[in-house]
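A.B. asks: One structure is given below, represented as structure tokens, and several questions about it will come after.
Where a number appears in this text, it was derived from the coordinates with a stated rule and is not lab data. Because the structure is a prediction, the values reported are computed rather than measured. Here the Cβ positions follow ideal geometry from the backbone for every residue, glycine too, while neighbour counts run over all protein chains shown.
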Amino acid sequence: MGNVTTAKDFLTHYLPKNVLQIIDLNTLEPQKDSFINQELEEGFSDLLFKVDISGKEGYLYFLFEHKSYPDKGISLQLLKYMVEIWEAKMNKEEQQQLPIVIPLVIYHGKTSWSIPTSLGANLNGYEELPKDVKVHVPDFDYIIYDLSGFSDEEIKGKVQTRILLTLLRDIFTKDIDELIHSILKCIHYLLELEDKQTGIEFLETMIRYVFSAAKYLTKDDMNKIRREIETTFPEGSEVTMTLADILREEGMKKGWEEGLEKGIEKGIELGQAKALSKTALQLLTAKFGCLPEEMKEDIKKLDVITLELILSNIFNYNHLDDVKKIISY
């Protein structure tokens with residue numbers, strides 16, 4: 001969707017008419033900004049486009065939800081990201097007038113989108129407020145695209161758009177045959193492209209997404225997809241075979257590296273804890289004399305953070321009960 005041509009095609013077919021009428025898609029320009037933090041990037045991704053809205057600078061903010069169920073806090077997340085966009089304009093570019101930002105959410109989970117699409121609907125008692133009081137409370141509606149309910153007939157647009165929406169719609173299905181059918185359908189869509197090089201490039205993007213997102217695909221499934229590409233779109237067969245091998249090796253290497261890294265981190269942490277517990281036992285024995293065996297065993301089992309806390313307060317303890325409070329905490 002970061003491709004301007006694909007984004008334009010999607011917006012042409014799927015923006016509400018009243019919104020499309022005030023937007024000049026010829027001015028559509030992707031921005032580098034992303035507002036998803038590291039904790040959320042596994043379940044969300046986003047895109048920001050600059051575009052003229054009613055003849056003035058404005059923005060379309062796409063939030064892609066990749067989780068299998070709708071997130072109830074989506075309106076609050078959108079508000080936060082919109083405020084960040086405005087703050088950037090106000091602080092970095094020193095704009096006096098803030099731009100219009102229209103939020104769009106693309107969802108492709110297993111269940112249908114069933115939560116309200118407005119911030120106000122999430123505010124307790126908002127609907128009961130008098131109109132003259134509501135004006136003092138923030139509220140907005142976001143545009144939602146629930147791909148899980150799209151039929152093949154409802155998926156419109158150029159080849160890239162149809163492939164994008166078809167794969168997003170079906171990637172989470174538990175029916176592997178259904179997913180493979182969708183993948184093969186997308187491969188057939190590539191035949192509509194006049195430029196075969198564009199088709200090869202898009203096929204590579206498509207295979208990267210499928211093989212990384214649909215982790216449950218077996219080697220037999222992958223081979224079935226390969227054979228279909230060789231038959232239907234032979235121009236991309238060599239790229240696909242090479243890419244599939246690379247992705248499989250990358251997956252194995254990543255898994256090994258992550259396992260090794262976690263093992264090293266765990267080893268370091270255990271070593272630190274052992275050294276700190278030994279120091280804590282020595283200092284507490286020097287201060288209070290012989291320690292109860294139960295306390296000794298408890299201290300040996302403590303994590304690094306708790307042991308550091310005990311040691312940092314070693315001169316403040318008046319009784320062993322003070323230490324016991326930290327251990328039990």
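A.B. asks: For Asn313 paired with Asp175, estimate the spin-label separation in nm (one decimal), with each label point 7 Å from Cα along the Cα-to-Cβ line.
C.D. replies: Computed distance between label sites Asn313 and Asp175 equals 6.0 nm.
A.B. asks: Contour minus end-to-end for Thr218 and Lys56, with contour as 0.36 nm per residue of separation and end-to-end as the Cα-Cα distance?
C.D. replies: 53.2 nm
A.B. asks: Counting only C-alpha contacts under 8 Å and six or more residues apart, can you give the relative contact order of segment 1-63 as a whole percent?
C.D. replies: 29 percent
A.B. asks: Once you have a ≥ b ≥ c as the square roots of the Cα gyration tensor eigenvalues for segment 1-149, tell me rounded if a/c is under 1.5, and otherwise prolate or oblate according to whether a/b is larger than b/c.
C.D. replies: Because its axes are fairly even, with a/c under 1.5, segment 1-149 counts as rounded.
A.B. asks: Restrict the search to segment 97-180; then list the GluC sites (Glu not before Pro) that DSSP places in a loop and that have at most 15 other Cβ atoms within 10 Å of their Cβ.
C.D. replies: Glu153, Glu154
A.B. asks: Hey, what angle do you get for helix 74-91 against the long axis of the chain, alpha-carbon based, 0 to 90 degrees rounded to 10?
C.D. replies: Once rounded, the angle reads 90 degrees.
A.B. asks: Given labels modelled 7 Å from the Cα in the Cβ direction, how far is it in nm from Glu154 to Thr285?
C.D. replies: Spacing of the two 7 Å Cα→Cβ label points: 7.2 nm.
A.B. asks: With axes computed from alpha carbons, what is the tilt in degrees of helix 176-189 against the longest principal axis of the chain, rounded to the nearest 10 within 0 to 90?
C.D. replies: The angle comes out at about 40 degrees.
A.B. asks: Going through segment 160-231, which trypsin sites (Lys or Arg not before Pro) have at most 13 other Cβ atoms within 10 Å and a DSSP loop state? Walk me through the intermediate numbers first.
C.D. replies: Working: sites: Arg162, Arg169, Lys174, Lys185, Lys196, Arg208, Lys215, Lys219, Lys224, Arg226, Arg227; in loops: Lys174, Lys215.
Those satisfying the criteria are Lys174, Lys215.
A.B. asks: Share of antiparallel DSSP beta bridges in the chain, in percent to the nearest 5?
C.D. replies: Details: 15 of 27 bridges.
For the chain, the DSSP antiparallel bridge percentage is about 55.
A.B. asks: On a 0 to 90° scale, report how tilted helix 219-232 is relative to the longest principal axis of the chain, with both axes built from alpha carbons and the result rounded to the nearest 10.
C.D. replies: 20 degrees
A.B. asks: Given contacts defined as C-alpha pairs under 8 Å and at least six residues apart, what's the relative contact order of the chain, whole-number percent?
C.D. replies: Once divided by the residue count of the chain, the mean separation gives 10 percent.
A.B. asks: Let me ask another. Mean-square fluctuation check for the chain, GNM, Cα pairs under 10 Å: which of Met295, Met206, Met90 is largest?
C.D. replies: Met295
A.B. asks: Rounded if a/c is under 1.5, else prolate if a/b is larger than b/c, else oblate: which is the chain, with a ≥ b ≥ c the root eigenvalues of its Cα gyration tensor?
C.D. replies: oblate
A.B. asks: Can you bin segment 273-328 into rounded, prolate or oblate? Criterion: square roots of the alpha carbon gyration tensor eigenvalues sorted a ≥ b ≥ c, rounded for a/c under 1.5, prolate for a/b above b/c, oblate for the rest. Before the final figure, lay out each step's value.
C.D. replies: Numbers: a/c = 1.33, a/b = 1.18, b/c = 1.13.
Rounded shape, in that the Cα axes give a/c under 1.5.
A.B. asks: Calculate, for Glu192 and Gln96, the FRET efficiency according to 1/(1 + (r/R0)^6) with r their C-beta to C-beta distance and R0 35 Å; round to the nearest 0.05.
C.D. replies: Numbers: r = 48 Å, r/R0 = 1.36.
That pair, Glu192 with Gln96, gives E of 0.15.
A.B. asks: Which GluC sites (Glu not before Pro) does segment 49-102 hold that lie in a coil by DSSP with at most 11 other beta carbons within 10 Å?
C.D. replies: Sparse-neighbourhood loop GluC sites (Glu not before Pro): Glu93, Glu94.
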